[in-house]
Amino acid sequence: MSESNRAVNRRSLLAAGGALAATLTATGEAAAGGGRVVPRTSPPGDDAGRARIDVHHHFTAPEWVDWAEREGLVRRRELPWWARWDLDSTLALMDRAGIATAVLSPTMQDRYRSAAQAREGLTVVFEALSRLMADHPGRFAFFGPAVPDHPGVTGWALGRALDDLGAVGVGVKAGYDGVYLGDPSYERLLAELDDRATVLAVHPLDLPGGPPGVPTVPGIPNFMCDFLLDTTRAAVNMIRTRTLDRYPRLSVILPHAGGFLPHIATRLEAFGGFCTPPLDPSLVRDHLHRFHYDTAGPLSPAGTLVATAGADRILFGTDWPAASADIITGITVPAVDTDPAFTPCRRRGINRDNALCLMPGLGRTARAG
């Protein structure tokens with residue numbers, strides 16, 4: 001497809017998505033803050049398009065790859081493209097896309113064979129992150145990795161990341177072996193995160209039951225559909241089990257605009273009575289406004305998401321390097337820049353201010369651009 005045709009098709013999609021957005025109130029500027037005092041880090045009228053904060057950025061430390069190959073955990077030549085992170089390409093992409101600060105999520109932290117190996121591998125990751133942030137002040141922050149497979153290590157890792165290195169949150173998979181967030185097995189982890197008023201960044205993987213990386217439907221990569229369902233399952237399970245009621249100081253970021261969640265909101269309200277325990281429609285709507293959602297994916301026309309959750313719950317994200325530089329600069333960024341659901345004030349919030357409001361620690365490190 002030519003670049004001109006792609007741009008026309010993209011504009012057509014955004015215009016279609018704007019039909020719903022047109023029904024929203026014109027006073028969204030005030031509502032965009034949800035009644036909160038939102039930090040104004042950009043001049044009035046500036047949409048912060050050159051000072052974005054990317055909250056969805058995968059980081060596979062080259063130092064960790066060296067270590068993991070020596071340990072027999074990975075083979076460098078067989079690494080997937082999204083695990084081939086390098087500094088020069090990353091900084092080039094960030095400058096090209098107007099990203100002032102990237103919040104890194106360490107990848108491949110579920111491969112450890114023992115608690116001792118997990119502690120050693122995480123130490124390598126933390127040292128790499130510490131050097132990176134020291135060498136490039138303001139350009140990088142990070143989510144500390146949780147390792148539920150090794151509960152004894154997770155407590156140490158949280159302390160190292162949050163207390164010693166200043167992580168702005170914690171990253172976790174939507175589910176492990178078919179057991180999703182909201183299940184009682186996560187209570188210890190979530191209770192500790194709630195005590196710390198932590199941000200929890202969720203990320204999906206393959207649906208349970210099949211070989212890792214093998215398409216559930218031949219010819220359709222799992223990240224196309226299955227990842228979105230994985231996120232949706234975790235979100236619905238957290239709603240069903242009232243996770244955010246039990247842990248009110250916990251803030252949850254759902255990737256890829258919440259998977260299918262915003263699009264099945266009415267379905268959840270209508271048929272939630274068939275869940276166990278039954279879902280009250282008001283509970284569904286309340287929780288939809290309590291999650292946060294990133295734009296990685298890239299973002300589809302956003303009218304439904306804005307109407308369902310509110311623009312102040314949306315955060316800029318790229319999915320780098322799973323998403324290429326051309327996808328990010330050619331689709332992801334223009335989707336935010338031109339979507340008719342976003343007023344200038346909403347766009348400034350999405351690009352930067354919503355992340356600063358959610359994660360005040362970013363204000364001590366995020367570059368103003």
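The values are calculated or read from the model by the stated rules, or taken from the named source; none is laboratory data. Since the structure is predicted, the reported quantities are computational estimates derived from the model, not experimental observations. Neighbour counts run over all protein chains shown; Cβ positions are idealised from the backbone, glycine included. Just so you know, the surface numbers come from the protein's heavy atoms only, side chains and all, with ligands and any DNA or RNA stripped out. Shrake-Rupley method; radii C 1.70, N 1.55, O 1.52, S 1.80 Å.
Numbers below:
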| item | result |
| --- | --- |
| Residue that is surrounded by the most Cβ atoms within 10 Å (Cβ to Cβ) [pool: residues in the stretch 333-346 that are touching a Leu at 6+ places or on another chain (Cβ under 8 Å) and among the hydrophobic types (A, V, I, L, M, F, W, C)] | ALA341 |
| Scan of the stretch 284-315 for residues that are out of contact with any Asp or Glu (no Cβ under 6 Å at 6 or more places or on another chain) and assigned to a loop (DSSP other than H, G, I, E, B), ordered by number | HIS289, ARG290, PHE291, THR295, GLY297, PRO298, LEU299, SER300, PRO301, GLY310 |
| Complete set of residues in the stretch 180-215 that are β-branched (Val, Ile, Thr) and at pLDDT 95 or above | THR198, VAL199, VAL202 |
| Subset of the stretch 271-283 [open to solvent by less than 70 Å² (accessible area, probe 1.4 Å), without any contact (Cβ under 8 Å) to a residue 40 or more places away in the chain and either in a helix (DSSP H, G or I) or among the hydroxyl-bearing types (Ser, Thr, Tyr) (or both)] | GLY272, GLY273, PRO281 |
| Identity of the residue in the stretch 198-216, of a type in the set (A, V, I, L, M) and open to solvent by 50 Å² or more (accessible area, probe 1.4 Å), that ends up farthest from THR107 (Cα to Cα) | VAL214 |
| Residue in the stretch 54-75 that is farthest from SER105 (Cα to Cα), counting only those that are surrounded by 22 or more Cβ atoms within 10 Å (Cβ to Cβ) and touching a Lys or Arg at 6+ places or on another chain (Cβ under 8 Å) | ALA68 |
| Leading residue by the ranking (least open to solvent (accessible area, probe 1.4 Å)) among those in the stretch 284-312 that are closer than 11 Å to ILE239 by Cα and over 18 Å from the mean Cα position of the chain (by Cα) | VAL284 |
| Odd one out for MET133 among (1) outside any helix (DSSP H, G or I); (2) under 23 Å from ASP319 (Cα atoms) | (1) |
| Residue check for VAL103: closer than 22 Å to GLY72 by Cα, modelled with pLDDT of 95 or more and either outside any loop (DSSP other than H, G, I, E, B) or within 21 Å of the chain's Cα centre (by Cα) (or both) | no |
| Selection within the stretch 150-184 - among the basic types (Lys, Arg) and open to solvent by 50 Å² or more (accessible area, probe 1.4 Å) | ARG160 |
| Any hit, the stretch 56-69, residues being under 22 Å from PRO255 (Cα atoms), modelled with pLDDT under 95 and assigned to a loop (DSSP other than H, G, I, E, B) | no |
| Tally of residues being loosely packed, with under 15 Cβ neighbours inside 10 Å, hydrophobic (A, V, I, L, M, F, W, C) and at pLDDT 90 or above across the stretch 76-90 | 1 |
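Residue-wise test of (1) open to solvent by 40 Å² or more (accessible area, probe 1.4 Å); (2) in contact (Cβ under 8 Å) with a residue 60 or more places away in the chain; (3) in contact with a His (Cβ under 7 Å, 6 or more places away or on another chain); (4) not hydrophobic (A, V, I, L, M, F, W, C).
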{"residue": "PHE316", "(1), (2), (3), (4)": "no, yes, no, no"}
{"residue": "ILE331", "(1), (2), (3), (4)": "yes, yes, no, no"}
{"residue": "ARG348", "(1), (2), (3), (4)": "no, yes, no, yes"}
{"residue": "LEU358", "(1), (2), (3), (4)": "no, yes, yes, no"}
